[in-house]
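Below is one structure; the comments refer to it alone.
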Amino acid sequence: MQSLELIDLGSTREGEERFVRYLSGVCEALELDYASYAAANPVSGKVHAFTTYPDAWKRHYIEQGLHRVDPTLDAPRRSIAPVDWARLDPDRRFAHVFGQARDFGLPDTGLTIPVRGPYGETALFSVTRQLRRDGWQKLKRHVLGDLQTAAIHLHDTVMSTENLLQALRRPQLSGREVEILQWVAEGKSQQDIGDILAISHRTVEVHLRSAREKLCTLTTAQAIGRAVSLGLVRPG
């Protein structure tokens, strides 16, 4: 399995292709089959959606209006934590959507990560892989942190293409918070960082907690992804 590289999406060619390429890169690095991203901007009302699914499935999905009943969109939208599709209610909607997906050779094993922004914008980042349940659980544990980072990075980059949100969403982190986030991005543990900066690992966690709150994220992995997308720290 390759390491996940946070590409500087802002430096690549404008257009939908760069975001689809990024999703494809996530799939390749983390050994996944497909990935998709969808977000609604409450300021402009604009909807962004990108996916690596086959064109035939994308056309069928829209033509049949499956986005209106898709449980992988509905349940995660109400959650703050990643939602494994195995936890979804196997009701008629689930059977309706995934029965048709199987006709296109697509798996029903996957995960959706909800992303919340500081100004009410929401996004859903989904990935899937055809595996037995035990194999999927093992893979999920291994890649979840990288997926959360990638979800935040992609979401913030997409939202920053709209000028108003770009101007609004710059948090004021302290120099020490930025410094600690940079060390985390480079793979250092809290104990390592404490030793480097001559502070306790508890003090490191205090700064990380503050940074997570200012960046409107739940986990340190998400905070790193958002800090990278905002140009506050460099990818490790």
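Assorted remarks:
- Simple label model, 7 Å out from Cα along Cβ direction - Arg92 to Arg116, nm: 3.3 nm
- Largest GNM mean-square fluctuation among Gln64, Gln182, Gln148, using the chain with Cα springs under 10 Å: Gln64.
- Of the chymotrypsin sites (Phe, Trp or Tyr not before Pro) in region 25-116, the ones in a loop by DSSP (not H, G, I, E or B) with at most 16 other beta carbons within 10 Å are Phe104.
- Placing a pseudo-label 7 Å from each Cα along the Cα-to-Cβ vector at Arg78 and Val178 gives an inter-label distance of 4.1 nm.
- Rounded, prolate or oblate (a/c below 1.5 giving rounded, otherwise prolate when a/b exceeds b/c) for region 196-236 by Cα gyration tensor: oblate
- Förster-model FRET efficiency, 30 Å R0, Gln137 and Gln64, C-beta, rounded to 0.05: 0.45
- Unit charges on C-beta of K, R, D, E only; dipole of region 106-236, Debye: 280 debye
- Note on region 21-83 and region 210-236: Cα centroid distance 23 Å, given to the nearest whole angstrom.
- Computed with a 1.4 Å probe over protein heavy atoms only, the accessible surface of the chain comes to 51 Å² per residue.
- Of the solvent-accessible surface of the chain, computed with a 1.4 Å probe and all protein chains present, 50% belongs to carbon and sulfur.
- Separation of the His201 and Phe104 label points, Cα + 7 Å toward Cβ, nm: 4.6 nm
- Three-way shape label, region 105-236, alpha-carbon gyration tensor, a/c 1.5: oblate
- Counting all C-alpha pairs of the chain, share separated by more than 31 Å (%): 24 percent
- Of the peptides 107-115, 24-32, the order by per-residue mean of other Cβ atoms within 10 Å, starting with the highest, comes out as 107-115, 24-32.
The values are calculated or read from the model by the stated rules, or taken from the named source; none is laboratory data. Note that the structure is predicted; figures quoted are calculated from it, not measured. Every residue, glycine as well, gets a Cβ built from its backbone with ideal geometry; the counts of neighbours run over all protein chains shown. Surface areas here come from the heavy atoms of the whole protein model, side chains and all, with no ligands, DNA or RNA. Shrake-Rupley method; radii C 1.70, N 1.55, O 1.52, S 1.80 Å.
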